[in-house]
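Nothing in this text is a laboratory measurement; each read-out follows from the coordinates by a stated rule. The shown structure was predicted, so the numbers you read here are calculated from the model rather than taken from an experiment. All Cβ positions, even for glycine, are placed from backbone atoms using ideal geometry, and neighbour counts span all protein chains on display.
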Protein chains: 2
Amino acid sequence: MAKATNISEPHRRTRRDHASETAEDYVEAVADILAWRPKCRVTDLAKRFAVSHVTVNRIVERLQKEGLLVTRPYQPIELTHKGKRLASKCRERHEIVRCFLLAIGIDEETAAIDAEGIEHHVSPRTLRRFRELAGMDS
Amino acid sequence: MAKATNISEPHRRTRRDHASETAEDYVEAVADILAWRPKCRVTDLAKRFAVSHVTVNRIVERLQKEGLLVTRPYQPIELTHKGKRLASKCRERHEIVRCFLLAIGIDEETAAIDAEGIEHHVSPRTLRRFRELAGMDS
DNA sequence: CTAAAATTTTAGCGATTGCTACAATTCTGT
DNA sequence: ACAGAATTGTAGCAATCGCTAAAATTTTAG
């Protein structure tokens, strides 16, 4: 067992980047919304995340600066190539986690909820194992 | 309190409370440190989380207001009864997640890292299943 | 077309978590 | 005991994510 003062290894990862998680959640949401509607608006995201449209507005502004999405004043939101790639990656990871939870016997609703929280914290190695155990190997 | 947006079940959980996670991480760390040393100091926590002592100081101040721990100026940190209970709960949950990851074939180091991130996002139901599959049933 | 409704933006507040720089206190070695 | 080292506290900055209120713009309905 690690000594109490043994800092780095585990916690380098636990020092999570909340801003990155938000970015992932948002591009994933935008991609999901655009798969069902012609346009993604601030209001759609506000409803989805149950926050005010003002909060969404500011986050969208930040993500645009980071090159993940594009929008103009009073116009709908679109993903950049970079945003689409990130969204795709997140969606796949999200699905693997969700299907893994289903595979070990978690009910649909709980799996959906837990996958949302867990997805950002699964390393590539663990993700591969999840995929195997979920029977998603191609 | 609840802004009745009645949004998708999954996101009620994904709207995570970062402050609560920090509280859990800190009481868990304090308990762990006190299991190895006679006293827990601001510096110990700063090293563990790889943040400045100033950041730790402010968080400790907040947690004291919340009744999770106690400290006086220039004195070491101790957990309240409430803090000990929370720490115990978190440690158990943490161990279940870690052992579960080991049980499905994840290596020790990866399991330790991923458990740190995942622990805050596992529902009671999923946690029970993890414990079963880890062979930790009493 | 025009007025109302919906949507988006801006302004400004607070909480939380990060930092550096510096002051205050406690601990330690001689 | 006392000086220097270590530790802790304070002041003040920034970034992120919440909010309300109110202004600006676009969309919709009559």
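Taking amide H atoms as placed 1.01 Å from N in the peptide plane, the amide H of A:Val70 lies under 5 Å from those of A:Glu78, A:Leu79, A:Thr80, each 5 or more residues away in sequence or on another chain.
Taking the label point 7 Å along Cα→Cβ, B:His53 and its counterparts in the other copies are spaced 4.9 nm apart, in ascending order. If R0 equals 41 Å, the separation of the Cβ atoms of A:Glu95 and B:Arg58 corresponds to a calculated FRET efficiency of about 0.60.
Taking label positions 7 Å along the Cα-Cβ direction at both B:Ala19 and A:Asp137, the computed distance is 4.7 nm, reported to one decimal.
The distance from the alpha carbon centre of the range B:39-57 to that of the range A:49-69 is 32 Å, rounded to a whole number. In order along the range B:68-83, the Karplus-derived 3J(HN,Hα) couplings, from 6.51 cos²θ - 1.76 cosθ + 1.60 at θ = phi - 60°, round to 8, 8, 9, 7, 10, x, 6, 10, x, 9, 10, 8, 7, 4, 4, x Hz, and Gly and Pro are given as x. Taken one residue at a time, the phi angles of the range B:49-54 give Karplus couplings (6.51, -1.76, 1.60, θ = phi - 60°) of 8, 6, 10, 6, 5, 5 Hz. Gly and Pro are set to x. Rounded to the nearest 20, the size of the Cβ-charge dipole of the protein assembly as shown about its Cα centre is 880 debye, with Lys and Arg at +1 and Asp and Glu at -1. Distances from B:Arg125 to the same position in the other copies: list them in nm, one decimal, shortest first, using label points 7 Å from Cα along Cα→Cβ. Result for B:Arg125, in nm, nearest copy first: 3.1. In this rough spin-label picture, where each label sits 7 Å from Cα along the Cβ direction, the B:Ala50-B:Ala103 distance is 3.0 nm. Amide H contacts of A:Cys40 (H built 1.01 Å from N, in plane; Pro and chain starts excluded): A:Ile77 sit under 5 Å, all sequence-distant by 5 or more or on other chains. Coupling constants for the range A:125-133 follow from the phi torsions by the Karplus curve (6.51 cos²θ - 1.76 cosθ + 1.60, θ = phi - 60°), and in residue order they are 5, 5, 4, 4, 5, 4, 5, 4, 5 Hz; glycine and proline get x.
In this assembly of identical copies, the label point of A:Glu78 (Cα plus 7 Å along Cα-to-Cβ) is separated from its counterparts by 6.4 nm, sorted shortest first. Rounded, prolate or oblate, given the Cα gyration tensor of chain B, with a/c below 1.5 counting as rounded? Oblate, since a/c reaches 1.5 and b/c is not below a/b. Taking the convex hull of the alpha carbon positions in the protein assembly as shown and averaging its projected area over all directions gives 16.6 nm².
Of the residues A:Thr126, A:Ala87, A:Ala112, the one whose Cα sits farthest towards the positive end of the charge dipole of the range A:80-138 is A:Ala87 (charges of +1 on Lys and Arg Cβ, -1 on Asp and Glu Cβ, taken about the Cα centre).
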